Structures are given as C-alpha cells and as structure tokens.
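Just below is one structure, and these are the notes that go with it.
The values are calculated or read from the model by the stated rules, or taken from the named source; none is laboratory data. Being a predicted model, the structure only gives us computed values, none of them experimental. Note that each Cβ is placed from the backbone with ideal geometry, even for glycine, and that neighbours are counted across all protein chains shown. When the accessible area is computed, the model is the full protein with side chains, heavy atoms only, and any ligands, DNA or RNA have been set aside. Shrake-Rupley method; radii C 1.70, N 1.55, O 1.52, S 1.80 Å.
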Amino acid sequence: MKNAQPTIVVVGSLNSDLVFRAPRLLAPGETLTGTGFDEFAGGKGLNQAVAAARLGARVSMVGRVGADGYGDRLLATLAEAQIDAAAVGRDPAGSGLAFIIVSESTGENIIGILPRANGNLSIADVEAAADAIAAADVLMLQLEVPVATSVRAAEIARAHGTRVILNPAPAQPLSRDVLALCDFVTPNEGEAARLTGIPTDTDDGARGAAEALREQGAAAVVMTLGGRGVYALSAEGERRAPAFPVKVVDTTAAGDAFSGGLAFGLASDLPLDAALRWGCAAGALACTRLGAVPSLPSQAEARALLGGQA
Ligand code: RIB
C-alpha cells in the first residue's frame, strides 16, 4: 500500500442509464407495457469508482462526459461521492447512454449502450493523469472505453507498481499483451465463457476458463458466478468465496460493486480472501436496490453484512 488511505484511479465510462421497468424481460418482437421509468447515473467506470469510494477509498476518475444535462448530472454524482473529477472532460459527442430493461419478477436486466463521449477517451487523456495513476495503489479498467486507452493506463500503472484490475466487460477478444498487463482479470461467468469458449456453468468449467485466461497472459483471474459466489485462480492456487443470500431487486451494477469491493480490499493491502469477501458483500447489497449508482452500498452496510468476516 503506497498511501495511508487506499487510493484508486478508475479509467472508464460514465453513462446515463435510462431504465425501463417491466413485469419480465421482453421476447424479440414483443411489445410489453412497463411499470416505470427512471434515469440513474451509471456506466461501468463510474459505478466502480462510486463503489470503491463509498467503501472508503480515495478515488480519482479519468473519463469523458457530454456537454449536456446528462453530463452535468454525472459530474454531480462524482462530486457527491467525493471522487476527484479533474480528469473527466466534456466531449461534443454527448454523454454515454445505456438503455436498460429490468424485470421486476427476477431482477435480471438487458442492457444496450451508446458509448458517445466514452468512445473518445484518448491515450492523451490518460497520459495527462499519469501522476495520479503512478501514485495510486490500484488502477481499475473496464472495456466501455477504447482498449488502446486502457492499455496505455495499464502500462503507466505497471511502470510504477500500481496494481491493475481489468473487468473485461462488455466482453471482447483481448490479446495476450493486454492480459499480461493485468494483475487481476475479473470476468463474470458469461464474459469468461465468451473470452475462452469454455462453458462456465459448472465448477470444472469455471476452473477451465480461468486456467485458459491465465494461459492467455492474465496473472490472476477472479470470476463472479452469480449465486454460486466467486472463483479465483492465481499463482498461489484456487480460492472461493460464497455469495451472500439477499432478496434480489435489480442486478444492475452488481458486478461493478464486486469490482469496487475487490479493489478496495486490495488497495487496503488485505489478503485476497478478505478482498473477495468485500467484493461479495458489495455485490450482494447492490442487488437489493434499483439502479446502478443508487444501489451501491456504504462501508457501514458492507461491514454489517460481513459481520465478523470484515
Ligand atoms: O454494469 C452496469 C452498467 O453497464 C450500467 O450502469 C450501464 O451504464 C452499463 O454500462
């Protein structure tokens, strides 16, 4: 740990989530009457930044929002979470948008995104934030901004001993060079299956996919398996952490909350087992409330769920 307070930089997306609530998910070609509509702050980058900040990390964000009302509200969300937004620029392409349908019967969702400003986050943007990345304990990356931009951020981090966590979402093919820059790669079960071609719906399958990702260059793999908990594989061997049972309202941002908890734990110099538990607690709590950013728990809430395991 380089800092007295765990310090994290997030290079990633910010989206306004336009959320349509429905009794269930729609089938192709179907028209269904909804039960409600909301706009929430979201985007995998912003969600992970807020998750880590609410758990107690000092967080800086590198990203782009539009010069529009959505962008104003996304910047207000960063300010409210006390996240340093000096490296969040305004972009004429407009703020990133996510179109989300949430099933009120299962809490499952389907999400389509329009990257807009996120798609313009550049290598120069990241290089301008090099000092913050170098000084941080952990750099968090996802795949809603250009991969070349994330790669440059990871290179800066690796050169200065900052640990790199890549959440490969949405899943897309990644080269060995990219994976080799990551200390932790954190797919969910679907993303791990898409990245490796190995079904992950059994324990053997999850292990096989994690082994394949390590063979492709990732130093360690932390795979979230929904209700089956988390499976991790590193040079030190296997680790598992169970899911906390909760009443599921909306799973949006549960993976982001997990990533925030994992990053908070690692940036606090906790052992991997403990960092996994922080991730599981944050992810479970995020399922209990509607929306992305509004669902992310405080440190007190996570500690209460962790009980003696905090
Ligand atoms: O991971 C959840 C997020 O995915 C949503 O907030 C949405 O913006 C999309 O990026």
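Assorted remarks:
- Extension gain from Phe20 to Arg303, taking 0.36 nm per residue of separation minus the Cα-Cα distance: 98.7 nm
- Isotropic mean projected area of the C-alpha convex hull, the stretch 111-251 (nm²): 9.4 nm²
- 19 Å reach of a label modelled at Ile123, 7 Å along Cα-to-Cβ, counting backbone N of the stretch 158-176: 158-160, 174-176
- Were the residues from Glu238 through Asp269 laid out at 0.36 nm apart, the gain over their Cα-Cα distance would be 9.2 nm.
- Most fluctuating residue given options Asn120, Asn167, Asn47, as computed from a GNM of the chain linking Cα atoms under 10 Å: Asn120
- Descending semi-axes in Å of the stretch 1-100, equivalent ellipsoid built from Cα gyration tensor: 30, 16, 11
- Size of the stretch 193-280 as Cα extents on the principal axes (Å, biggest first): 33, 31, 18
- Rounded accessible area per residue of the stretch 177-310, 1.4 Å, Å²: 38 Å²
- Where Glu108, Glu215, Glu191 fall by accessible area, highest first, once all protein chains stay in place (1.4 Å): Glu215, Glu108, Glu191
- For GluC sites (Glu not before Pro), the sites in the stretch 232-310 that DSSP calls loop and that have at most 10 other Cβ atoms within 10 Å are Glu236.
- For the stretch 1-104, applying the loop criterion from DSSP together with a ceiling of 12 other beta carbons within 10 Å to the GluC sites (Glu not before Pro) yields Glu30.
- Cα gyration tensor shape of the chain, rounded if a/c is under 1.5, else prolate or oblate by comparing a/b with b/c: rounded
- Accessible carbon and sulfur surface of the stretch 1-80 relative to its total accessible area, %, 1.4 Å: 53 percent
- Think of the stretch 1-74 as having a plus end and a minus end, set by charges on the Cβ of Lys, Arg, Asp and Glu; of Gly71, Ala4, Met61, Ala4 sits farthest toward the positive end of this dipole.
- Calculated on alpha-carbon atoms, Rg and Dmax of the stretch 108-178 in Å: 12.9, 40
- Computed magnitude of the charge dipole of the stretch 217-306 (debye, nearest 20; Cβ of K, R +1, Cβ of D, E -1): 260 debye
- Largest first, the residues Lys2, Lys44 sort by 1.4 Å accessible area into Lys2, Lys44.
- Taking the Cα centre of the chain as reference, the dipole from Cβ charges on Lys and Arg (+1) and Asp and Glu (-1) amounts to some 300 debye.
- The stretch 45-99, accessible area per residue, ligands and nucleic acids excluded (1.4 Å, Å²): 37 Å²
- Counting only protein chain heavy atoms and rolling a 1.4 Å probe, the accessible areas of Thr196, Thr202 rank, largest first, as Thr202, Thr196.
- For the stretch 163-310, the carbon plus sulfur part of the accessible surface works out to 53%, probe radius 1.4 Å.
- For the stretch 66-77, the Karplus equation 6.51 cos²θ - 1.76 cosθ + 1.60, evaluated at θ = phi - 60°, returns couplings of x, 8, 9, x, 4, x, 4, 6, 5, 5, 5, 5 Hz by residue, with Gly and Pro reported as x.
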